[in-house]
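The structure under discussion appears below in the form of structure tokens.
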Amino acid sequence: AGSETVDALEFLARVVSHIPNKGQVLQRYYGFYSSRQIEVDPLACPRCGQAMHIVAFITQPQIIDRILEHLRPTQTSRRRTRAPPRRWKSSATTASA
């Protein structure tokens, strides 16, 4: 892992190469796309690790829209931006000055 600097067109070319053509099924079983590498169990509780169970499937579009709308952040729920922390002068810096 490292960093690499590329121009904007090269970056876009690299990103677009991961998008399959219309109607094309892209399956990769190695690297970042490998499910074996990720090893995430979607039915494991993220808090305690115990097995979770599916209790229902929501198939009505109106209900799905209501749930998603409830989860979207609103203008009033955004966190306020804070000022950066003040720099305090320690006694060591004032004594040496």
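Of the residues making up the range 43-57, those that are surrounded by 10 or more Cβ atoms within 10 Å (Cβ to Cβ) and of a type in the set (Val, Ile, Thr) number 0. Just one of (1) of a type in the set (Gly, Ala, Ser); (2) open to solvent by 100 Å² or more (accessible area, probe 1.4 Å); (3) modelled with pLDDT under 70 fails for Gly31. It is (2). Residues that are exposed (fewer than 10 other Cβ atoms within 10 Å of the Cβ) and in a loop (DSSP other than H, G, I, E, B) within the range 3-18 comprise Ser3, Glu4, Thr5, Asp7, Ser17, listed in sequence order.
Here Thr93 meets each of (1) open to solvent by less than 80 Å² (accessible area, probe 1.4 Å); (2) at pLDDT below 80; (3) assigned to a loop (DSSP other than H, G, I, E, B) with one exception, condition (3).
The values are calculated or read from the model by the stated rules, or taken from the named source; none is laboratory data. The shown structure was predicted, so the numbers you read here are calculated from the model rather than taken from an experiment. Ideal geometry is used to build each Cβ from the backbone, glycine not excepted, and the neighbour counts take in all protein chains shown. Just so you know, the surface numbers come from the protein's heavy atoms only, side chains and all, with ligands and any DNA or RNA stripped out. Shrake-Rupley method; radii C 1.70, N 1.55, O 1.52, S 1.80 Å.
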